[in-house]
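Here is the structure we will look at, set down as structure tokens.
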Amino acid sequence: MQYHLNGTLRDREEATVSVDDRGFRYGDAAFETCRAYGGEVFAWDRHVERLHRTCETLGMADAVPDDLAVRVAETLDANDFEDAYVRVSVSRGVQPGKLTPDEDVDPTVVVYVKPLPRGGVDGQRVWDDSAVVQSVQTRRIPDSAVPSDAKTHNYLNGILARLELRRASNEGYRPDEALMRDTNGHVAEGATSNLFFVDDGVLKTPETGSILPGITREVVIELAESEDFPVRTGRYTPDDVRNADEAFLTNSTWELRPIATLDGIEIGGGPLTTLLQRLYDERVETRCYASSR
């Protein structure tokens, strides 16, 4: 395995980051999780735009290198991967051990990849079954405390939610994802996923402000609207989801993953979930695989 570290391809054993790096010390870093299909990173422009926005929020607007797409391509080529998980990270870099960052930034930039199966129309899901989801007590950090649209290395909120799943697990029950609520008790998102559900033919998803708006979420909304399906964002309760006709989760790796149960209550996918999965696969096929045929 080879990773890209600060502009240079390095063997995995040599791709190390300083203990003085602020990404390690404070989680003072931005990242994006992407998926490559056929050697092409799906929705790359959207991912890099969000990476820029997060870096601007962190006060290091110029930290994203202009050649980041080249570094990703070189990392995929070096590992002979066409279909892969791709993570790009940009930290504020090595600085003295104090909370207030220096104005001058020499960022640490890492590209990490690992293989995934082919996607698209002829592809294979990375998950085996629909997701078992459990509501947790850990609340989503409010936007007024930490900007919810900033995708940073500080994932303690999601980690605490996943630890709740571990405590809830037993031999016959092993949840795949935690469903977090906001501080007012409305459903927000999974630890690493966005939530959709279908109610009487309407596709619903929690509104922005208490969630990290995912790239896959954005694409799914566009696909639904292109088919003239009504899409509504709003504030919803756990019971709204438990009583839904269909429900699914989205992220770049899972794509669209139906929810089998929420808190032990069966929901499952359905015709709209299946249609959106097919439309998503078709878009991936067209955007990423068509040129290689």
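Could you list, in sequence order, the residues of region 194-219 that are touching a strand residue (DSSP E or B) at 6+ places or on another chain (Cβ under 6 Å) and assigned to a helix (DSSP H, G or I)?
Within region 194-219, Thr216, Arg217 meet the criteria.
The C-beta contact set for region 27-44 (first residue within 12 Å of Tyr85 (Cα to Cα) and open to solvent by 10 Å² or more (accessible area, probe 1.4 Å), second residue in a strand (DSSP E or B) and aliphatic (A, V, I, L, M), distance under 7 angstrom, 6+ apart or interchain) comprises Val41/Val86.
Name the residue that is nearest to Val41 (Cα to Cα), counting only residues in region 73-96 that are in a helix (DSSP H, G or I) and open to solvent by 40 Å² or more (accessible area, probe 1.4 Å).
Here the residue is Ala73.
Screening Ser135, Ser130 for residues that are in contact with a helix residue (DSSP H, G or I) (Cβ under 9 Å, 6 or more places away or on another chain), among the hydroxyl-bearing types (Ser, Thr, Tyr) and surrounded by 14 or more Cβ atoms within 10 Å (Cβ to Cβ) leaves exactly one candidate, Ser135. Checked against the criterion of being assigned to a helix (DSSP H, G or I) and open to solvent by 20 Å² or more (accessible area, probe 1.4 Å), the candidates Leu275, Leu223 yield just one match: Leu275. The residue that is surrounded by the fewest Cβ atoms within 10 Å (Cβ to Cβ), counting only those in region 149-168 that are among the small types (Gly, Ala, Ser) and modelled with pLDDT of 95 or more, is Ala150.
Out of Thr261, Thr250, Thr237, one residue alone is in contact with a strand residue (DSSP E or B) (Cβ under 9 Å, 6 or more places away or on another chain) and either exposed (fewer than 15 other Cβ atoms within 10 Å of the Cβ) or over 18 Å from Val132 (Cβ atoms) (or both). It is Thr237. With the structure loaded, tell me whether Arg118 is in contact with a strand residue (DSSP E or B) (Cβ under 7 Å, 6 or more places away or on another chain), surrounded by 12 or more Cβ atoms within 10 Å (Cβ to Cβ) and either touching a residue at least 40 places away in the same chain (Cβ under 8 Å) or under 28 Å from Ala15 (Cα atoms) (or both) or whether it fails that test. Spelling it out, it is not the case that Arg118 is in contact with a strand residue (DSSP E or B) (Cβ under 7 Å, 6 or more places away or on another chain), surrounded by 12 or more Cβ atoms within 10 Å (Cβ to Cβ) and either touching a residue at least 40 places away in the same chain (Cβ under 8 Å) or under 28 Å from Ala15 (Cα atoms) (or both). Has region 100-114 got any residue that is open to solvent by less than 40 Å² (accessible area, probe 1.4 Å), in a loop (DSSP other than H, G, I, E, B) and within 17 Å of Gly23 (Cα to Cα)? Scanning region 100-114 turns up at least one residue that is open to solvent by less than 40 Å² (accessible area, probe 1.4 Å), in a loop (DSSP other than H, G, I, E, B) and within 17 Å of Gly23 (Cα to Cα).
Residues in region 218-255 that are under 14 Å from the mean Cα position of the chain (by Cα) and not hydrophobic (A, V, I, L, M, F, W, C): Glu218, Thr250, Asn251, Ser252, Thr253, Glu255. Assess whether Val132 counts as being in contact with a Phe, Trp or Tyr (Cβ under 8 Å, 6 or more places away or on another chain) and touching a residue at least 24 places away in the same chain (Cβ under 8 Å). Criteria met by Val132.
The values are calculated or read from the model by the stated rules, or taken from the named source; none is laboratory data. Just so we're clear, the structure is a prediction, and the values are computed from it rather than from any experiment. Using ideal geometry, Cβ is built from the backbone for each residue, glycine included, and neighbour counts are taken over all protein chains shown. These area figures cover heavy atoms from the full protein model, side chains too; ligands, DNA and RNA do not enter into them. Shrake-Rupley method; radii C 1.70, N 1.55, O 1.52, S 1.80 Å.
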